[in-house]
Amino acid sequence: MRRLAPMLLAALAVLAAACEKKTQPPPSGEAGTQAAQGQPAGTGGTPANADTILLGQVGALTGGQATFGISTRNGIELALKEANAAGGVKGKKLAVKVYDNQSKPEEAAQATTRLITQDKVVLILGDVASSNSLAMAEKAQAAGVPMITPSSTNTTVTQKGDYIFRVCFIDPFQGFVMAKFARDELKLGKVAVLQDNKSAYSIDLSDVFTRKFREMGGTVATTESYSQGDTDYRAQLTAIKKTQPDGIYVPGYYSEVGVIARQAREVGLKVPLMGGDGWDSEKLFELGGSAITGSYFSNHYSPDNPDARVQKFIADYKAAYGGVPDALAALGYDAARVAIEALQRAKDLSGPSVRDAIAQTKDFPGVAGTVTLDEKRNAVKSAVVLKVGDGKTQYVTTISP
Amino acid sequence: MAQLLQHLINGLAAGTIYALVALGYTMVYGVLKLINFAHGDVMMVGVYMGYATAFALGREARGSLLGIAAVFAVAMLGCALLGFLIERFAYRPLREKPRLTALITAIGISFALSYGFQLDIGFLPGASPRAFPEIIEPTEWLIIGDRDVVVWNWQVISFLIAVGLMVGLQYLVFGTRFGQAMRAVSWDHRVAALMGIPTDRVIALTFMLSSGLAAGAGLLYAIKDTSVSPLMGLYVGLKAFVAAVIGGIGHVPGAVIGALVLGLVEEFVVGYAASSWRDAVAFGFLILVLLVKPGGLFGRVAAEKV
């Protein structure tokens, strides 16, 4: 065991070095992206620098949600690189200062304060996890610095105040999307709902789905529930089977959904399962096996989307970082581009002007759907429906509000 | 009617697993008067041992009888060793200390195992749940009507294994010299030692037996629910503990019947009421039993020596 500690340290050092490499300054020169250790910039990117506009990002680069923050950062970098290559904004180059929140809300709040008071950024991007974004939103709102979260879907985030925006849809929207898909595309008449009683996300989705599905003329035969961490769902599924539904809506997370799919097949339910973006993980295929194949879920974006804009983004992303960008990278890219476009339109770079410019965002062509911000500062945009295939997902359709 | 029958089968299948875990609690408690709270986590470790073995064997070997035997053997022997180590280094040094000390150590071991296994270094599996390989090909053995009632092969196999182990244990405790020694140690381990019984060895063997049993139960659980995670032991362990107390802790058939009752109660609550009531009803039932029959359904209330 004692040998583990030095090995860990060495691994961390290598990781840190790798991070440094990835975040080398964009072609614009010294005013570049700073590495993720949360240290003040050595060169460039300082507030006094007259020919740069500094943006801030707070994201999880370490901790349990590390992949979220890293994907988002890559997306943001890509957008900035493109903007700088096209001449920047108002004759100035763009740079972003990135702080790690270690997947913790208290770190996110601190990093936000630092971006505002020390780095004097004009705008903040972040975070993915709603709990972190909520902590950040409080600080940004109090200081009057506009903030755009790329992918926090919890309804309350933008309710923190008029400086807080998001470029993704909100949780209840997904319930509507699946209800519409189930009625219009799958032509289902009677469905059952199996919700996670411990998750506000799941309950939100299930409520909206039930209401909308009924409004569209369908029947919700029964609503059963489980608790996060359960592994035996046979009782609920047996009760569901009795109602003979045409489909089952399971708005949970992949760890439970995979097992539910297996047991649904076991009790003899052959109808398709449906869910939301909580399904989006490689783990779903492992846990669900062949039982999950043929099910559907709503998501922010699909790499299979034939749209030229999406395919160009994927090609650029692959060239820069290798690998196919996930939904978080796409949303990070969109958030940065919405911000850049707003900065271009803004009268000046003061908080209120930038806020007003962002609020006027309309029909903005993002890779994860067209962004139009409503009066509640949420993106009104379409969602994609994906079909679970053999070990991967297939794009099925796009559904607009 | 069909639904009732299906719930009955599901409930028995769930109860069977609780029963096997509950037997481990009951054995250790019977001999040492120690509630081994790490028991469920030993079970979890056994499941991961079986998981690793199944993967090492490869896909072809999994369905075969030999493959299944190998998975069970590795997990059960590995856990027996783990049980031995835990007893030797965590409980034996504290045996002459107040009973509460050992209880606290047991909780410590439980958390060390369940949270240690969430780390992602070396051989440790990490926090994400994993799919357990299908070492027994699930087959429908009995289908009534239009799949109204389905009985699966693993349900029958687990039930038979549980009943077999219960009978075997009952024989071990009441029909062998080792069982006689166990009962003597349970009565008073100091006096037993004076009578020439190798107390330490008997206690160590009891721990190994109960830990091996836990691994077997864990594998049946993993076959049943297909998803394994480092926290599974806490949950199943707690339920099995409740089952052991309902049956009368220290009483072998009592543990099995308590577990089957608990499995059925939970299944019916979820099937006919709501899943959020399950734990409330399970623990409410425990409180009710303790109020009416403080020793459990089959236990006797022994006057505490003061």
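Hey, can you tell me all the residues within region B:91-120 that are closer than 26 Å to B:Ser229 by Cβ and surrounded by fewer than 17 Cβ atoms within 10 Å (Cβ to Cβ)?
The answer is B:Leu103, B:Ile104, B:Ile107, B:Gly108, B:Phe111, B:Ala112, B:Tyr115, B:Gly116, B:Gln118, B:Leu119, B:Asp120.
For the condition at pLDDT below 90, part of a helix (DSSP H, G or I) and away from every other protein chain (no Cβ under 14 Å), what is the one hit in B:Phe174, B:Phe178, B:Phe207?
B:Phe174
From the list B:Ala38, B:Ala2, B:Ala54, which one is open to solvent by 10 Å² or more (accessible area, probe 1.4 Å), among the aliphatic types (A, V, I, L, M) and farther than 23 Å from B:Asp188 by Cα?
B:Ala2
Looking at (1) within 13 Å of chain A (Cβ to nearest Cβ); (2) closer than 20 Å to A:Val267 by Cα; (3) hydrophobic (A, V, I, L, M, F, W, C); (4) open to solvent by 70 Å² or more (accessible area, probe 1.4 Å), find the lone condition where B:Phe123 falls short.
(2)
Read through the list (1) more than 27 Å from the chain's Cα centre (by Cα); (2) without any contact (Cβ under 8 Å) to a residue 40 or more places away in the chain, then give the number of the only condition that A:Gln244 fails.
With respect to (1) more than 27 Å from the chain's Cα centre (by Cα); (2) without any contact (Cβ under 8 Å) to a residue 40 or more places away in the chain, A:Gln244 is out only on (2).
Looking only at residues that are touching a Phe, Trp or Tyr at 6+ places or on another chain (Cβ under 7 Å) and hydroxyl-bearing (Ser, Thr, Tyr) in region A:207-256, which one is surrounded by the fewest Cβ atoms within 10 Å (Cβ to Cβ)?
A:Tyr254
For B:Trp141, which of the numbered conditions (1) closer than 24 Å to B:Ala38 by Cβ; (2) outside any loop (DSSP other than H, G, I, E, B); (3) within 14 Å of chain A (Cβ to nearest Cβ) fails to hold?
Result: B:Trp141 passes all but (1).
As an exercise: evaluate B:Asp188 against (1) within 14 Å of chain A (Cβ to nearest Cβ); (2) of a type outside the set (A, V, I, L, M, F, W, C); (3) surrounded by fewer than 23 Cβ atoms within 10 Å (Cβ to Cβ) and give the number of the one condition it does not meet.
(1)
When residues of region A:230-274 are filtered for being more than 7 Å from chain B (Cβ to nearest Cβ), closer than 16 Å to A:Lys198 by Cα and either assigned to a loop (DSSP other than H, G, I, E, B) or among the aromatic types (Phe, Trp, Tyr) (or both), how many remain?
So the answer is 7.
Could you count how many residues in region A:156-187 are without any contact (Cβ under 8 Å) to a residue 60 or more places away in the chain and part of a loop (DSSP other than H, G, I, E, B)?
3
If you scan region A:208-229, which residues turn out to be closer than 22 Å to B:Arg278 by Cβ and either free of Cβ contacts under 8 Å to residues at least 24 places away in the same chain or within 8 Å of chain B (Cβ to nearest Cβ) (or both)?
A:Glu224, A:Ser225, A:Tyr226, A:Ser227, A:Gly229
Of the residues that make up region B:282-293, is at least one touching a strand residue (DSSP E or B) at 6+ places or on another chain (Cβ under 6 Å) and either open to solvent by less than 10 Å² (accessible area, probe 1.4 Å) or away from every other protein chain (no Cβ under 14 Å) (or both)?
No, region B:282-293 has no match at all.
Only one residue in B:Phe89, B:Phe72, B:Phe84, B:Phe37 is in a loop (DSSP other than H, G, I, E, B) and more than 14 Å from every other protein chain (Cβ to nearest Cβ). Which one?
Every option except B:Phe37 fails the conditions.
The values are calculated or read from the model by the stated rules, or taken from the named source; none is laboratory data. Quantities reported herein were computed from a predicted structural model and do not represent experimental measurements. All Cβ positions, glycine included, derive from the backbone under ideal geometry; neighbour counts span all protein chains shown. We work out accessible area using only protein heavy atoms, side chains counted, and drop any ligands, DNA or RNA first. Shrake-Rupley method; radii C 1.70, N 1.55, O 1.52, S 1.80 Å.
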